[in-house]
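The values are calculated or read from the model by the stated rules, or taken from the named source; none is laboratory data. Source: prediction; values computed, not measured. We place every Cβ from the backbone using ideal geometry, glycine too, and count neighbours over all the protein chains shown. The area values use the complete protein model at the heavy-atom level, side chains included, leaving out ligands, DNA and RNA. Shrake-Rupley method; radii C 1.70, N 1.55, O 1.52, S 1.80 Å.
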Amino acid sequence: MNAATTPDLSALLESLVPLIRDAGQVIMDIYATDFDVTKKGDDSPVTQADGRAEAVILAGLARLAPGIPVVAEEAVSAGNIPDVSDRFFLVDPLDGTKEFISRNGEFTVNIALIEQGRPVLGLVYAPAIGRLFGGVAGQGAWLEDAQGRRAIRCRAVPAEGLTVVASRSHGDETALDAFLGGRKVASRTNAGSSLKLCLVAAGEADLYPRLGRTMEWDIAAGDAVLRAAGGKVTVVADGADLRYGKPGFDNPHFAAAGL
């Protein structure tokens with residue numbers, strides 16, 4: 001499979017499941033040790049788990065989908081930024097490094113395929129809590145855990161109001177209060193990493209506003225799962241669909257919502 005070949009997305013997703021689980025195992029092996037934490041140029045924390053998991057994923061993608069460019073967080077930090085066109089992968093080998101360091105289990109491995117600016121395939125794996133989310137555009141989304149695999153879909157907002165999920169490590173309560181003003185909110189909860197998008201996809205939450213800085217690899221896989229489950233991710237400023245492949249790969253403020 002190469003960048004010019006139209007992939008069978010369902011088959012590609014299934015081929016990536018063992019790969020993302022392998023990367024998760026690498027992370028869990030390090031999680032069980034007294035690992036070191038260093039700082040990147042932007043002062044964000046990084047561990048050896050980030051780099052080792054990314055190496056596993058990059059090797060697997062080169063084997064399974066040769067020719068499709070990969071934009072991966074740690075490679076970009078090292079200055080390795082490929083030219084991207086209509087089709088490319090976005091990889092975050094360890095989203096929620098702060099959650100990893102604090103050992104609360106809410107960190108994820110993320111692989112997404114972008115086509116013409118939209119996430120069409122995504123896998124989000126939370127190895128510490130044993131939850132794997134997958135989704136393909138137009139084909140639905142699923143959750144795989146100890147009970148097996150089952151389809152998931154966004155829910156209609158309950159009569160009692162929205163369940164809002166916010167970032168555990170990057171909260172801005174004042175901005176969030178302003179954004180939610182006038183909305184009927186039943187509860188607010190926190191979660192780490194891209195799990196927030198997946199909670200909306202699974203009908204466990206209704207809205208995830210992110211009013212702070214994120215990068216495309218942070219959310220692309222969760223966005224793909226959410227869209228496959230019937231949800232959407234829109235730009236707060238103008239309500240447009242969030243797009244990928246932007247210069248610098250920065251995201252504007254966005255809101256992820258279900259039905």
Would you mind telling me the share, in percent, of accessible area of region 140-214 contributed by carbon and sulfur at probe 1.4 angstrom?
-> 48
When ligands, DNA and RNA are left out and all protein chains stay put, how many square angstrom of accessible area per residue does region 1-129 have with a 1.4 Å probe?
-> 42
Using a 1.4 Å probe, how large is the accessible area of ARG188, given in Å² and rounded to the nearest 10?
-> 110
Taking 1 over the mean of 1/r across every pair of different Cα atoms in region 35-175, what Kirkwood radius in Å do you get?
-> 17.1
Once label points are set 7 Å from the Cα along Cα→Cβ at both GLN139 and THR33, what is their separation, rounded to one decimal in nm?
-> 3.6
Spin-label point model (7 Å from Cα, Cβ direction): what's the ALA78 to GLN116 distance in nm?
-> 3.4
To the nearest 20 debye, what charge dipole does the chain have about its Cα centre, counting +1 at the Cβ of each Lys and Arg and -1 at the Cβ of each Asp and Glu?
-> 660
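With viscosity set to 1.306 mPa s at 10 °C, what whole-number translational diffusion coefficient in µm²/s follows for the chain from Stokes-Einstein and a Kirkwood radius over Cα pairs? Before the final figure, lay out the partial values.
Details: Rh = 18.2 Å.
Once the numbers are plugged in, D ends up at 87 µm²/s.
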